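What follows is a set of notes on a single structure, which appears directly below.
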Amino acid sequence: MSRVTLSRFLIEQTRSHNTPADLRFLIEVVARACKAISHQVSKGALGGVLGSLDTENVQGEVQKKLDVISNEILLEANEWAGNLAGMASEEMDKPYQIPGQYPKGAYLLVFDPLDGSSNIDVNVSVGTIFSVLRCPDRQGEEGDLGDEAFLQKGTQQVAAGYAIYGPQTMLVLTLGDGVKGFTLDRELGSFVLTHDNIKVPEATKEFAINMSNQRHWEAPVQRYVSELLAGEEGPLGKNYNMRWIASMVADVHRILTRGGVFMYPRDAREPDKAGKLRLMYEANPMSMIIEQAGGAATNGTQRILDIQPDNLHQRVPVFLGSKEEVLRITAYHKG
Ligand code: AHG
Ligand code: MN
Ligand code: MN
C-alpha cells in the first residue's frame, strides 16, 4: 500500500471535509518550518546551536540560541506565503506584522517555537507547538494588527499541532476531526502518516508533575497528589508511576501514546502569575489535541478551551490527559 504523506492527507481532507486550500497550504508551510527546525536541533554542538544568548524574552526567561533560531525559521517560512494576517510567538513581545510587500491571508498563526528549552543542551526531546485561528474581519487591514485579534477562546482554533524532535521527529495534528500523527521520513523528506487515530486512554496509572514545587501547591493539588502517592492502600486503590520530562511536548506525546495526567498547577512561588504555562502558545493547542483524542483539559475549575484570553502572554494552570483523572482533580478544585 502506498504511504500517506502529510501533503496527500491534506489534499484528501480538502476533498472530504472541505478544508480550505489556504489552510492546507498554511499547515504545509508550518510542517516545512518544523523540518528545518528539526534539522537545526539535530546538529547540536556540531552546528554551534546549543547554549544561551544574553537576551530575555517578554516572560523574563533567558533565551536559548535555538529559541531564537526556531522563531526566525517559523517567521521566515510563513511571512511570504499569503495565508496569514499575522503571527504571535512566545518569544516576541508584540504580534509579528506581515511585511507590506507580501499578500495577507485569513489566518493567524500562534506558536511556541521551541518548547522544553531547558532540555536542549542535554539532548532530551524538545518541540514546536502551534495554533491556527481565523483573523477577525478587517483587523489589521489598515495599520498594524493588534493583540486583540489574537485574544480568542481555544474553541475558535481551526487547527492545532506540535512537532516533537526526539528519537524520531513527528508532527501531531488536529483539524478539529480527530488527531493524526506523522513521522518524518528523512530519506523522503516527508512526514508520513503513522498514527491514524490517536486516542488517550480514559484511565491511567501514570502522572506527570514537577514534584519539587510540592510545598508551593494549593490544597486540591496537595490532596490529589498525596492520593496518587498512597497507591494501592490509598483511596484510589492503585499504584501510580511518575514521569516528568520538563518538555510539555514530550510529556503530552507520552500521554497521547499510553495515557496519563499532566499537571502544571498555579503555585505560591509567583502569586501574581497563574501557573507557568502559557494559554495561547501551549495550553490551548495542547488542549485541543487532547480533547480531539478523547481526553480532557481544565485549569482546575474550567475547560481550558472556554477561557476568554485577556492578554497575549497570559499564563494558566494546566491539568490535561486521561479523562478520569482530569475530572477527579477538577472535582477536588470545586470542593
Ligand atoms: P519553554 O521551554 O517553551 O519555556 O517551556 C517549558 C515548559 C514546558 O515545556 C514544561 O512542561 C515546563 O516548562 C517545565 O517546567 P519546570 O522546569 O518548572 O519543570
Ligand atoms: Mn513551552
Ligand atoms: Mn519555548
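The values are calculated or read from the model by the stated rules, or taken from the named source; none is laboratory data. Owing to the predicted nature of the structure, the values given are computational and were not obtained by experimental measurement. Positions of Cβ are backbone-derived with ideal geometry, glycine not excepted, and every protein chain shown enters the neighbour counts. Please note that ligands, DNA and RNA were not included when accessible areas were found on the heavy atoms of the full protein model with its side chains. Shrake-Rupley method; radii C 1.70, N 1.55, O 1.52, S 1.80 Å.
Observations, loosely collected:
- Out of 185, 144, 137, sole residue that is surrounded by fewer than 23 Cβ atoms within 10 Å (Cβ to Cβ) and within 24 Å of residue 71 (Cβ to Cβ): 144
- Residue count for segment 13-45, restricted to those that are of a type outside the set (Lys, Arg) and open to solvent by 70 Å² or more (accessible area, probe 1.4 Å): 7.
- Residue ID - farthest from residue 308 (Cα to Cα), chosen from residues in segment 110-158 that are of a type in the set (Ser, Thr, Tyr) and within 16 Å of ligand 3 (Cβ to nearest atom): 125
- Scanning segment 108-132 for residues that are open to solvent by 10 Å² or more (accessible area, probe 1.4 Å), among the aliphatic types (A, V, I, L, M) and either closer than 15 Å to residue 91 by Cβ or free of Cβ contacts under 8 Å to residues at least 24 places away in the same chain (or both) turns up 120, 122.
- Failed condition for residue 80, given (1) among the aromatic types (Phe, Trp, Tyr); (2) within 16 Å of ligand 3 (Cβ to nearest atom); (3) farther than 19 Å from residue 309 by Cα: (2)
- Within segment 255-274, the set of residues being within 16 Å of ligand 2 (Cβ to nearest atom), open to solvent by 10 Å² or more (accessible area, probe 1.4 Å) and modelled with pLDDT of 95 or more comprises just one member, 264.
- The one condition from (1) out of contact with any Pro (no Cβ under 9 Å at 6 or more places or on another chain); (2) farther than 21 Å from residue 97 by Cα; (3) open to solvent by 10 Å² or more (accessible area, probe 1.4 Å) that residue 172 does not meet is (3).
- Verdict on residue 57 being touching a residue at least 12 places away in the same chain (Cβ under 8 Å) and under 30 Å from residue 22 (Cα atoms): no
- Of 105, 161, all but one fail to be open to solvent by 10 Å² or more (accessible area, probe 1.4 Å) and either more than 16 Å from ligand 3 (Cβ to nearest atom) or under 23 Å from residue 22 (Cβ atoms) (or both); the exception is 105.
- The set of residues in segment 273-317 being within 16 Å of ligand 1 (Cβ to nearest atom), closer than 27 Å to residue 178 by Cβ and of a type in the set (D, E, K, R) consists of 278, 282.
- Failed item, numbered, when residue 85 is tested on (1) away from ligand 3 (no atom under 13 Å from the Cβ); (2) more than 20 Å from residue 139 (Cα to Cα): (2)
- Strands (runs of 3 or more DSSP E) contained in segment 23-134 and holding at least 3 residues within 30 Å of residue 273 (Cα to Cα) and touching a helix residue (DSSP H, G or I) at 6+ places or on another chain (Cβ under 7 Å): 84-89, 107-115, 126-134
- Count - residues of segment 195-220 that are over 23 Å from residue 170 (Cα atoms) and either of a type in the set (Ser, Thr, Tyr) or open to solvent by 40 Å² or more (accessible area, probe 1.4 Å) (or both): 12
- Taken residue by residue, segment 164-174 has no member that is free of Cβ contacts under 8 Å to residues at least 12 places away in the same chain and within 23 Å of residue 305 (Cβ to Cβ).
- Of residues in segment 223-251 being of a type in the set (D, E, K, R) and within 30 Å of residue 169 (Cα to Cα), the one surrounded by the fewest Cβ atoms within 10 Å (Cβ to Cβ): 243
- Selection from segment 122-148 of residues that are within 12 Å of ligand 1 (Cβ to nearest atom) and not hydroxyl-bearing (Ser, Thr, Tyr): 124, 126, 127, 129
- Among the numbered conditions (1) over 18 Å from the mean Cα position of the chain (by Cα); (2) within 16 Å of ligand 2 (Cβ to nearest atom), the only one that residue 147 does not meet is (2).
- Of all residues in segment 304-313, none are free of Cβ contacts under 8 Å to residues at least 24 places away in the same chain and either assigned to a helix (DSSP H, G or I) or open to solvent by 10 Å² or more (accessible area, probe 1.4 Å) (or both).
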